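The values are calculated or read from the model by the stated rules, or taken from the named source; none is laboratory data. Worth saying up front: this structure is predicted, and the values here are computed from it rather than measured. As a convention, Cβ positions derive from the backbone with ideal geometry for all residues, glycine included, and neighbour counts pool all protein chains shown.
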Amino acid sequence: MSKKSEETAKSTRLLVVDNDHAHAETVADVLDVEDFVCTTVNSGEKAVELLEKELFDVVITDLKMGDIGGIEVLEKAKAVQPAVEVILMTGHGSVENAVEAMRGGAFNYLLKPLKFDELRIIARKAAENSAMRGAFFAMRERLDERFGFEGVIGNSTAMRNLIERTKRIAPTDATVLILGETGTGKELIAQAIHQNSLRKERPFVALNCAALSENILESELFGHIRGAFTDATADRIGKFEYADGGTMFLDEVGDMPMPTQIKLLRVLESGEITRVGSNDPIKVNVRLLSATNRSLEESVERGEFRADLFHRLKVVSLRLPTLRERRSDILVLIDHFQKQFSKQHSKVVKGISPAARRRLYDYDWPGNVRQLRNFIESMVVVDFDELLDLDDLPEELVLPEDAELLQATNTGGGTGDRADDSVAPSDSLTSLVGHTLAEIEEMFIRETLEFVQGNRDQAAKMLGMGERTLYRKIKK
């Protein structure tokens, strides 16, 4: 094997799909010699589910299976992971099948019984091709990041759907109402819309409607002329004038006073603003984005918000999921913020203990991503031993038994070193008595994999072991 092929293989994740369990394991064993990281499933349905959760470089799938066939697996793989290469195999080959497979984007088409040397060669080539395709898509993603999506972190279905919808909305001039709890990232999405629009070279101006009184809010929005009120010592342009040609983002628009709502509606209908104290209208060309954590429908019913303004603001709406609704993204966000704040505060942080990671995962996060971000920054700042652990948690996450646990962890051998994989004591541990250590380890690995829905990267981090070590143990 060439050096290039060897490097590619060692980083290649390969999915083998065959309803013949023994044959799937044989294919995996043949390629495991090449040091591919192989996962096997025994139905097309399971393959489709796994492709939505985990990333793969190469998929080797049987053509004919009981539920979902190889062509359907090929289509799903290409739809959710564009860089993946798919190799189809079958014991019932025909020219028609081969043509259909290649038209669907298959990398190659193999007949059973497989020739193992041929399988290894084709798998290596598919891995190299996938790596090149991945580099291309990564470059395209970096261009997307440059224009506003770098801060939108998450791989959950809810976040993928949100980003896809945002990308479709962005190039238009439609007004957008962004809904979501405090801390879900509404302004971040507004910035992404602006940066992916034709207005991206013009200003993006944000204003929080809840933070200002009625008079100050109107002056901020529309500007004022000299002498309009006591402190108006000079003419001043407002946010709408400043944002001309660009995008205006009104956060917490549900808190806007009724008189200001009337003036905002007039701006949306006429495209004109009038400075406070003036009678002269000024034309502006501004795209309006707004956000609220309230139910504007209920505010309309109570007479606190104008129905006509609500409908003008809600030409298109986006609802941001809470962190509780996208729990699978929590571990990804933890690692992202840990790296971000380690660099920002010049701190060496090598990782986070499984116990602390689990505590963060189980929390309800009423403050959503903003709260998680602040918690991780706090943990990085107070950490002194290069490992984020229970002693670094903010007080909201500290439990009474943590002090006892940390004291026990820090006393082994008189060194004061602490174990990275310490877990909280529990009465349930007595149920493990009588089992061998190998059996207990297997139980923990199975439970952890179930907990993270089969994501092996996350499981390895929670178990405190390397990915290759975990793969070997799963294989065993």
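Descriptive notes on the structure:
- Looking only at region 343-368, and only at residues there that are among the β-branched types (Val, Ile, Thr) and touching a Leu at 6+ places or on another chain (Cβ under 8 Å), the one that is surrounded by the most Cβ atoms within 10 Å (Cβ to Cβ): ILE352
- Flag set for ASP251, criterion: among the acidic types (Asp, Glu), assigned by TED's automatic domain parsing to the domain that holds PHE305 and touching a Ser or Thr at 6+ places or on another chain (Cβ under 8 Å).
- Scanning region 343-380 for residues that are modelled with pLDDT of 90 or more, part of a loop (DSSP other than H, G, I, E, B) and not aliphatic (A, V, I, L, M) gives HIS345, SER346, LYS347, TYR363, ASP364, TRP365, PRO366, GLY367.
- Residue check for SER219: of a type in the set (S, T, N, Q) and in contact with a strand residue (DSSP E or B) (Cβ under 7 Å, 6 or more places away or on another chain): yes
- Of the residues making up region 262-290, just one is of a type in the set (Gly, Ala, Ser) and surrounded by 19 or more Cβ atoms within 10 Å (Cβ to Cβ), namely SER290.
- Tabulated pairs, region 321-332, first closer than 21 Å to ALA459 by Cβ and assigned by TED's automatic domain parsing to the domain that holds LEU188, second surrounded by fewer than 19 Cβ atoms within 10 Å (Cβ to Cβ) and of a type in the set (D, E, K, R), C-beta under 8 angstrom, 6+ apart or interchain: none
- The condition of being under 31 Å from the mean Cα position of the chain (by Cα), at pLDDT below 90 and of a type in the set (Phe, Trp, Tyr) holds for only one of PHE56, PHE116, that being PHE56.
- Any hit, region 100-110, residues being in a helix (DSSP H, G or I), among the hydrophobic types (A, V, I, L, M, F, W, C) and not assigned by TED's automatic domain parsing to the domain that holds VAL332: yes
Conditions (1) touching a residue at least 40 places away in the same chain (Cβ under 8 Å); (2) surrounded by 14 or more Cβ atoms within 10 Å (Cβ to Cβ); (3) assigned by TED's automatic domain parsing to the domain that holds LYS350, marked per residue:
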site: THR436; (1), (2), (3): no, no, no
site: GLU439; (1), (2), (3): no, no, no
site: MET462; (1), (2), (3): yes, yes, no
site: GLY466; (1), (2), (3): no, no, no
site: LYS473; (1), (2), (3): no, yes, no
site: LYS476; (1), (2), (3): no, no, no
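- For region 170-210, the candidate set comprises residues that are touching a residue at least 40 places away in the same chain (Cβ under 8 Å) and acidic (Asp, Glu); within that set, the residue that is surrounded by the fewest Cβ atoms within 10 Å (Cβ to Cβ) is ASP173.
- Where GLN340 falls short, out of the listed (1) at pLDDT below 95; (2) crowded, with 19+ Cβ neighbours inside 10 Å: (2)
- Residue list for region 212-248, filter: among the small types (Gly, Ala, Ser) and either surrounded by fewer than 21 Cβ atoms within 10 Å (Cβ to Cβ) or not assigned by TED's automatic domain parsing to the domain that holds LEU296 (or both): SER213, GLY227, ALA228, ALA232, ALA234, GLY245, GLY246
- For region 349-389, the tally of residues that are closer than 22 Å to THR184 by Cα, of a type in the set (Ser, Thr, Tyr) and in contact (Cβ under 8 Å) with a residue 24 or more places away in the chain stands at 2.
- Scanning region 250-284 for residues that are assigned to a loop (DSSP other than H, G, I, E, B) and touching a His at 6+ places or on another chain (Cβ under 9 Å) yields a total of 3.
To keep it simple, each residue is scored yes or no on (1) among the hydroxyl-bearing types (Ser, Thr, Tyr); (2) modelled with pLDDT of 60 or more; (3) more than 30 Å from LEU309 (Cβ to Cβ); (4) touching a strand residue (DSSP E or B) at 6+ places or on another chain (Cβ under 8 Å).
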{"position": "ARG140", "(1), (2), (3), (4)": "no, no, yes, no"}
{"position": "ARG146", "(1), (2), (3), (4)": "no, no, yes, no"}
{"position": "GLU150", "(1), (2), (3), (4)": "no, no, yes, no"}
{"position": "ILE153", "(1), (2), (3), (4)": "no, yes, yes, no"}
{"position": "SER156", "(1), (2), (3), (4)": "yes, yes, yes, no"}
{"position": "LYS167", "(1), (2), (3), (4)": "no, yes, no, no"}
{"position": "ALA170", "(1), (2), (3), (4)": "no, yes, no, no"}
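- Filter pass, PHE136 being surrounded by 17 or more Cβ atoms within 10 Å (Cβ to Cβ), modelled with pLDDT under 85, of a type in the set (Phe, Trp, Tyr) and closer than 30 Å to ASP335 by Cβ: no
- Those residues of region 291-307 which are assigned to a helix (DSSP H, G or I), more than 33 Å from the chain's Cα centre (by Cα) and surrounded by 14 or more Cβ atoms within 10 Å (Cβ to Cβ), in sequence order: VAL300
- Wholly within region 12-83, helices (runs of 4 or more DSSP H) carrying at least 3 residues that are closer than 22 Å to LEU449 by Cα and either hydroxyl-bearing (Ser, Thr, Tyr) or in the same structural domain as GLU118 (by TED's automatic domain parsing) (or both): 21-32, 44-51
- Positions within region 444-476 being among the β-branched types (Val, Ile, Thr), closer than 18 Å to LEU360 by Cα and in a helix (DSSP H, G or I), in sequence order: THR448
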